[in-house]
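All remarks here apply to the structure that follows.
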Amino acid sequence: MTLTQGLCAAGFEPVREALEVQLASGEELGASICVTVHGEPVVDIWGGHTDAERTTEWERDTIVNVFSITKTMTALSALVLVERGMLDLDQKVAHYWPEFAANGKADIAIRQVLGHTSGVGGWELPLELADIYDHESAVKRLAEQTPWWEPGTASGYHALNYGHLIGEVVRRIDGRTLGRFFADELAGPLGADFHIGTGPEHFDRIAPLVPPPALEFDLATLDQDSVLVKTLTHPLLDYERTADPQWRAAEIGAVNGHGNARSIARLQSIVSGGGILEGRTWLSPDTVDAIFREQSNGLDLALLTPLRFGIGYGLPQPQTAPAVPDGRVCWWAGVGGSFVVNDLDRGITFAYAMNRMAPGLIGSDRADAYLTATFGAVA
């Protein structure tokens, strides 16, 4: 009996086999994997269940909160504005958003926000998770803050506020909110079932998340003024709250995008295609090249792991993401394991979304297994 459904082209059977192994073992509850080559799906498979009791099957149109994969969609939205000449990566944030200049932030550049080196990695004062649902008040707080480190000198992952910062710049330039801009300019035209701000009409298709085991260390024992603690606890991301209608409907361009592997791969194929998808030029070669402008390469102050950031994406980093191939490649992961890789050398996008969260902040053994199978098949 097959444990998965969907398309798997000849030569890519190891990808289906890898997913079925994880489903059979119980490590995977429900998941989808999509691989595109030059924009065309060669793998589009799904399987398992949406609930921990295994009473409801994961369907073709099941979607799930993919956390920080959302950042790649936020970055893609910004790159569309770059392509149109409306956003300059080297321009100051305050050029578009004057209030942001307060308290030592006048010289922070757009590229530093997109590359996680701005020094504004989160909210200074403690706040509740629901406080970030209100975009206006949340960005006002960010505009009033002082940077946590000297901008441009290191990365400090902008875990929860990335979409607030980029989203406010988008709103100042275009007038639309990030979620609306993304829907109108990217997801809608491409027919991609991905949402930054998910309407109630989609709620019955959302697979609830199964949180990972609790952290093995107590954050309260750490320096409460450290970048790590402030990033991860101001506010604390409560996985149980992701089932709340208010969380789903908010436009949190860092962490609350809902989609599946097919929609992730569809959108990100713009990047793996060098800016071209289905004959349409979405991004010019210069705009695509900008993704690979290295902004940092070293120990990230927020995650305390080696990371290498370009503009809007991670770049290959074998210590942290060993299954990501080297070359003209950009990638990112969502907490719990969701993953996307754009390989421009081969014209390939790999995407994975699931509902049983693995421990750790970046990637998982399961994601590595699927990536290894995919790029092994390509080789």
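The values are calculated or read from the model by the stated rules, or taken from the named source; none is laboratory data. Predicted, not measured: the structure shown is a model, and the values here were computed from it. Glycine gets a Cβ as well: all are built from the backbone with ideal geometry, and neighbour counts include every protein chain shown. Keep in mind that these areas ignore ligands, DNA and RNA; they rest on the heavy atoms of the full protein, side chains included. Shrake-Rupley method; radii C 1.70, N 1.55, O 1.52, S 1.80 Å.
The table below gives the values:
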item: Criterion (open to solvent by less than 20 Å² (accessible area, probe 1.4 Å) and of a type in the set (Asp, Glu)) met by exactly one of Glu144, Glu168; result: Glu168
item: Any hit, the stretch 68-81, residues being open to solvent by less than 40 Å² (accessible area, probe 1.4 Å) and touching a Cys at 6+ places or on another chain (Cβ under 9 Å); result: yes
item: Filtered residues of the stretch 119-132 (kept if under 18 Å from the mean Cα position of the chain (by Cα) and not β-branched (Val, Ile, Thr)); result: Gly121, Gly122
item: Any hit, the stretch 89-106, residues being out of contact with any helix residue (DSSP H, G or I) (no Cβ under 8 Å at 6 or more places or on another chain) and open to solvent by 70 Å² or more (accessible area, probe 1.4 Å); result: yes
item: Qualifying residues in the stretch 206-229 (those that are aliphatic (A, V, I, L, M) and touching a residue at least 24 places away in the same chain (Cβ under 8 Å)) - the one surrounded by the most Cβ atoms within 10 Å (Cβ to Cβ); result: Ala207
item: Elements of type strands (runs of 3 or more DSSP E) contained in the stretch 282-379, each with 2 or more residues being open to solvent by 10 Å² or more (accessible area, probe 1.4 Å) and of a type in the set (Gly, Ala, Ser); result: 296-299
item: Condition met for Gly279 (at positive phi and open to solvent by 40 Å² or more (accessible area, probe 1.4 Å)); result: yes
item: Enumerated helices (runs of 4 or more DSSP H) restricted to the stretch 213-277, each holding at least 2 residues that are at pLDDT 95 or above, over 19 Å from Leu303 (Cα atoms) and not β-branched (Val, Ile, Thr); result: 245-249, 261-272
item: Odd one out for Glu40 among (1) open to solvent by 20 Å² or more (accessible area, probe 1.4 Å); (2) in contact with a Phe, Trp or Tyr (Cβ under 8 Å, 6 or more places away or on another chain); result: (2)
item: Given (1) within 22 Å of Val120 (Cβ to Cβ); (2) within 17 Å of the chain's Cα centre (by Cα), index of the condition Arg266 fails; result: (1)
item: Flag if Trp331 is at pLDDT 95 or above, of a type in the set (Phe, Trp, Tyr) and touching a helix residue (DSSP H, G or I) at 6+ places or on another chain (Cβ under 8 Å); result: no
item: Which numbered condition Ile69 misses (of (1) more than 25 Å from Trp332 (Cα to Cα); (2) touching a residue at least 60 places away in the same chain (Cβ under 8 Å); (3) touching a strand residue (DSSP E or B) at 6+ places or on another chain (Cβ under 8 Å)); result: (1)
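Per-residue answers, yes or no, for (1) assigned to a helix (DSSP H, G or I); (2) free of Cβ contacts under 8 Å to residues at least 60 places away in the same chain; (3) not acidic (Asp, Glu):
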{"position": "Ala159", "(1), (2), (3)": "no, no, yes"}
{"position": "Gly163", "(1), (2), (3)": "yes, no, yes"}
{"position": "Ala187", "(1), (2), (3)": "yes, no, yes"}
{"position": "Thr198", "(1), (2), (3)": "no, no, yes"}
{"position": "Asp204", "(1), (2), (3)": "yes, yes, no"}
